[in-house]
Amino acid sequence: MCSNYDAVTSTERLRLHYGVELPPGVNLRTDVWPAYQAPFVRRHPHADVGDDAVPAREAMVGLFGLVPHWAGEVTFGKRTYNARSETVAEKPSFRDAWRHGQHCIVPVERIYEPDWRNGGAVPTRIQRKDGLPMGIAGLWASNRKATGEELLTFTMLTVNADDHELFKHFHKPGDEKRMVVVLHEHQYDEWLTAPPEKSMDFMRQYPAHLLISTPDPDRGKRKR
């Protein structure tokens, strides 16, 4: 499960790798924890009107941790930053976003997971071996109950990783191993436009040989 990551906030990298630009005047921190603001990419709501001036995708800013439309507190998102693909269609927190196909892509430079192989949790940085950013499959939601104004939030989807050559090393011994769903670039538009009945087709492990991990023991000591 991923509770900490470095977001893609560079204007150039967002444009080059995701084809989007952040709204004007947005200034975001790179390191992200639950309930922090971060960018996510979704299908533009008017992408199908036939106007070439309307982009296919748009970048939005939301809180990391999905707050469904019926939730009355922003802090709800501190426990919904990841969604298990096996139960996402039934869990009250996620089922509306899943059933309505509210797909998004979370632009990520690198994620952090605890490596327990030496008996203690060592924060470890995981990123693509080729240096390119990752696009993580997620769901987004809109909420007006928690603040009285529209609040956008998002979550990352996860799959089992007990047999994954890299992610099987993270989290406590005996716990189920999980990993976020990292999309391939050619899947970005497919994911954003996929109907709900096709969503599970994307819930796959990303190949371990395309990733690299590096211990970063000071990560957990930094102030949030």
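The values are calculated or read from the model by the stated rules, or taken from the named source; none is laboratory data. Not measured: the values here are computed from a predicted model. With ideal geometry, Cβ positions are generated from the backbone for all residues, glycine too; neighbour counts draw on all protein chains shown.
A few points about this structure:
- Condition check for residue 136: closer than 19 Å to residue 18 by Cβ and out of contact with any Leu (no Cβ under 8 Å at 6 or more places or on another chain): no
- Residues that are surrounded by fewer than 17 Cβ atoms within 10 Å (Cβ to Cβ) and either in contact with a Pro (Cβ under 9 Å, 6 or more places away or on another chain) or on the phi < 0 side of the Ramachandran plot (or both) within segment 161-176 comprise 162, 163, 165, 168, 169, 172, 173, 175, 176, listed in sequence order.
Conditions (1) surrounded by 15 or more Cβ atoms within 10 Å (Cβ to Cβ); (2) touching a strand residue (DSSP E or B) at 6+ places or on another chain (Cβ under 7 Å), marked per residue:
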position	(1), (2)
2	yes, yes
5	yes, yes
17	yes, no
49	no, no
54	no, no
57	yes, yes
69	no, yes
90	no, no
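- Count - residues of segment 39-64 that are in contact with a Gly (Cβ under 6 Å, 6 or more places away or on another chain) and within 17 Å of residue 101 (Cα to Cα): 2
- Among the residues examined, residue 206 does not qualify as in contact with a Phe, Trp or Tyr (Cβ under 8 Å, 6 or more places away or on another chain), hydroxyl-bearing (Ser, Thr, Tyr) and modelled with pLDDT of 95 or more.
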